[in-house]
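S.K.: The structure's right below; bear with me while I get my questions together.
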Amino acid sequence: MRDVAILGAGMVPFGKYPEKTLAEIAWPAVKAAIEDSNVPKKDIQAAYCGTALGGMMAGQRILKTLGITGLPIMNIENACSSSSTAFREAWIAVAAGVYDAVVVIGVEKLTKFGGGTLPLEKEDFEVAHGLVMPALYAMRAQRYMHEFDLTEDHLAKVSVKAREHGQHNPDAQMRELTSIEAVKESRPVADPLRLFHCCPSGDGAAAVVICAAENAAKFGGEPIRVIGSEINSGKYMTGFRDMTSPEITVRGAAQLYEEAGIGPEDVDLAEVHDAFAIAELLYYEALGFCPRGEAGRMIDEGETSVGGRIPVNPSGGLLAKGHPIGATGVAQIVEVVRQLRGQCGNRQVEGARVGLTHCTGGGVSGFDHGVCSIHLFAR
Amino acid sequence: MTDTAEELKQALNIAGDALAEKPDGTVRLIGTECADCGHRVFPPTPVCPECMSENVSRIELSETGTLYSWSAVRIAPRDWKTPFIAGYVDMPEGVRVFAHMVDIDPEALSFDMNVRVCKSELGAESDGTPIESYSFVPVEEKS
């Protein structure tokens, strides 16, 4: 397998674009990534497009607007991990020598559903009984708060931190600061979760161009190396699973650290899947940033803020940057690329050399999560 | 146009009814047990997810289980009565069941409390058709 590098990254600000088509939302992100990479359009040999609800042939619809056609285009669905899965598949293809340079796209338009909770697959038994994603995360939160030292203030602090980071990110959907009091007074969604504990619904797109690391020099710029790529499905468990520890992330992180030959202490920043405030706290532990039961202490002591020991979600994360679900995986990678290049202004993690992205997807009964993909990058 | 009652019926009927009504008016959940490896699942399935055997038989789950976690859900797709209480109930047979908790305030629930299966109306279609399924109520503690 060859080493793989990211040459270009681009995204559009996450937000609400009901008047635009999926292709109209996405092409500026793709164009920005290609221009950022200095890879001539004609040298792009394949495209991987992740979207969960974007409909058939999203990749073709997007790429024809830029005249990038007549090449293999793979459209990939894996719920919220659609584009992190697309990135993983693109990485495999380049690492294996099948292609030298490819573009990876993540895109979603959720405004077409008119708001509310994410539409899940009705064939699923629990979904048919009214399970919605906020309720699932809320039950995780309730049980964690019962077993460990975690309060509503801890949950609120995650949302406050997300906005503090997001205010400095021009691509973030929620850039206004909030307070613990405002979070605790926001509309209840599924107890103990309130509106500000939940990522906003919206639209967006992100893209990266990757190539074989051995060819990176000819395009100039500073390539960001992919030093680890991991994906897993959850384990189907009909029995009593521990909902306070996301098994798929614990398992995936262990595999990834071993593959990359580094540990959590070597990670300078992480973009994690904080679809709900409780999720970010569970992932501090699952990714090895702190021991079990200490997530509340980490947020209390500011360890995961920019300037702290291990900044988490400097982009604002899903809570502030937004979560157009299929776009999220690549958007996390865009943030890590910018951080490792030192392009992030007031939210810059100083001296960042290693970054991690973590993207899950759920909504199927019996699984902790249906899918989880984790990547490590270095400059 | 959503049709929650029909979707629920289809989901319950993936491999036969998941709910049995007893002569005394109480109800029981139905799961399946693999005759080859003993693995149990709810809802019933035609194939064992552990060993892929199709030699499975229907089993009646106990009337009561314990509440692992819950949440009072205030925002849900239309047709559901909101707020409703979503919960996970651990059954003595070793399976965890997602269910609505009914006839109780969320403040009165506690972790690992005993709950009893019942059948109730969980919502209604826009045309008034009731959405019925299994649910759980707290077991009244004898003092």
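S.K.: Specify the residue that is farthest from the other protein chains (Cβ to nearest Cβ); the eligible residues are those in the range B:96-136 that are within 11 Å of the chain's Cα centre (by Cα) and among the aliphatic types (A, V, I, L, M).
M.R.: Checking each candidate, the answer is B:Val117.
S.K.: Right, here's the next one. Regarding the range B:50-57, can at least one residue be identified that is of a type outside the set (S, T, N, Q) and within 12 Å of chain A (Cβ to nearest Cβ)? Full working, then the answer.
M.R.: Narrowing the range B:50-57 to residues of a type outside the set (S, T, N, Q): B:50-52, B:54, B:56.
Applying the additional criterion that residues be within 12 Å of chain A (Cβ to nearest Cβ) yields B:50.
Yes, the range B:50-57 contains at least one residue that is of a type outside the set (S, T, N, Q) and within 12 Å of chain A (Cβ to nearest Cβ).
S.K.: Determine if the range B:67-83 includes at least one residue that is under 24 Å from A:Glu147 (Cβ atoms) and under 13 Å from the mean Cα position of the chain (by Cα).
M.R.: Yes, the range B:67-83 contains a residue that is under 24 Å from A:Glu147 (Cβ atoms) and under 13 Å from the mean Cα position of the chain (by Cα).
S.K.: Now for a separate question. Filter the range A:109-132 for residues that are in contact with a strand residue (DSSP E or B) (Cβ under 9 Å, 6 or more places away or on another chain), within 8 Å of chain B (Cβ to nearest Cβ) and touching a residue at least 40 places away in the same chain (Cβ under 8 Å) and give the result.
M.R.: Listed by number, the residues that qualify are A:Phe125, A:Glu126, A:Leu131, A:Val132.
S.K.: Output yes when any residue across the range A:65-85 is of a type in the set (Asp, Glu) and under 30 Å from A:Met174 (Cα atoms), and no when none is.
M.R.: yes
S.K.: Count, please, the residues in the range B:73-94 that happen to be at pLDDT 95 or above, assigned to a loop (DSSP other than H, G, I, E, B) and within 7 Å of chain A (Cβ to nearest Cβ).
M.R.: Residues in the range B:73-94 being at pLDDT 95 or above, assigned to a loop (DSSP other than H, G, I, E, B) and within 7 Å of chain A (Cβ to nearest Cβ): 1 in total.
S.K.: Tell me, please, whether a residue that is of a type outside the set (A, V, I, L, M) and either over 24 Å from A:His369 (Cα atoms) or in a strand (DSSP E or B) (or both) can be found in the range A:271-287.
M.R.: Yes, that holds for at least one residue.
S.K.: Given the conditions (1) hydrophobic (A, V, I, L, M, F, W, C); (2) facing another protein chain (nearest Cβ under 9 Å); (3) surrounded by fewer than 24 Cβ atoms within 10 Å (Cβ to Cβ), which single one is not true for A:Ala135?
M.R.: Unmet condition: (3).
S.K.: Residues that are closer than 21 Å to A:Ile333 by Cβ, at least 3 per element: which strands (runs of 3 or more DSSP E) completely within the range A:157-263 meet that?
M.R.: Because the criterion is at least 3 residues that are closer than 21 Å to A:Ile333 by Cβ, the strands (runs of 3 or more DSSP E) in the range A:157-263 that meet it are A:203-212, A:224-233.
S.K.: Restricting the first residue to the range A:193-204 and requiring it to be free of Cβ contacts under 8 Å to residues at least 12 places away in the same chain, which pairs with a second residue that is small (Gly, Ala, Ser) meet a Cβ separation below 8 Å and a spacing of at least six or different chains?
M.R.: From residues that are free of Cβ contacts under 8 Å to residues at least 12 places away in the same chain, the pairs are A:Arg194/A:Ser186; A:Leu195/A:Ser186.
The values are calculated or read from the model by the stated rules, or taken from the named source; none is laboratory data. The structure displayed is predicted, hence computed values, not measured ones. Virtual Cβ from ideal backbone geometry, glycine too; neighbours counted across all protein chains shown.
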